[in-house]
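Input: a single structure, listed below in structure tokens.
The values are calculated or read from the model by the stated rules, or taken from the named source; none is laboratory data. None of the values given here were measured: they were computed from a predicted structure. For neighbour counting, all protein chains shown are included, and Cβ atoms are generated from backbone atoms with ideal geometry for every residue, glycine included.
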Amino acid sequence: MSKFVSRENIIGKQVIDQKASVIGKVKDVAFSVGGEKVEVALIVDVGGEQLTVEWSSVKAVGDVVLLNKELEVKPKPKLEYATCPKCGYQNKQDARYCASCGSPLKR
């Protein structure tokens, strides 16, 4: 017999893959309605990016969401910024002047 899980009981839980790697946290639940069946997926926040995990990949839901497979999530490269000493705005690394206040940036 299937066990139903409410949306409120799954949002915010950590998602762990088969190799015990933390993938991210559940942000929302999505439904694909069309044809003769409804498909369910989890929207997982992975460092600010969204990853869709099909419900068929979920092995168990308890204190965490455990997946039945390994997911390879590549971290997004961190961008480097030149912070304006006057206003604190984060400019592109190669900027010479602040895009917000126009102050010269230190090199």
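The table below gives the values:
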| item | result |
| --- | --- |
| Which numbered condition VAL33 fails, given (1) free of Cβ contacts under 8 Å to residues at least 40 places away in the same chain; (2) under 20 Å from the mean Cα position of the chain (by Cα) | (2) |
| Number of the condition not met by ALA60 [criteria: (1) more than 13 Å from VAL26 (Cα to Cα); (2) of a type outside the set (S, T, N, Q); (3) part of a loop (DSSP other than H, G, I, E, B)] | (3) |
| Pair list, Cβ < 7 Å and 6+ apart or interchain, from the range 62-90 residues that are small (Gly, Ala, Ser) to residues that are in a loop (DSSP other than H, G, I, E, B) and at pLDDT 85 or above | ALA82/GLN93; ALA82/ALA95; ALA82/LEU105 |
| Qualifying residue in the range 28-42 (condition: out of contact with any Ser or Thr (no Cβ under 6 Å at 6 or more places or on another chain), among the hydroxyl-bearing types (Ser, Thr, Tyr), at pLDDT below 90 and part of a strand (DSSP E or B)) | yes |
| Top-ranked residue in the range 1-26 [being of a type in the set (Lys, Arg) and over 20 Å from LYS69 (Cβ atoms); ranked as modelled with the lowest pLDDT] | LYS3 |
| Residue within the range 3-22 that is in a loop (DSSP other than H, G, I, E, B), within 30 Å of ASN91 (Cα to Cα), in contact (Cβ under 8 Å) with a residue 40 or more places away in the chain and not acidic (Asp, Glu) present | no |
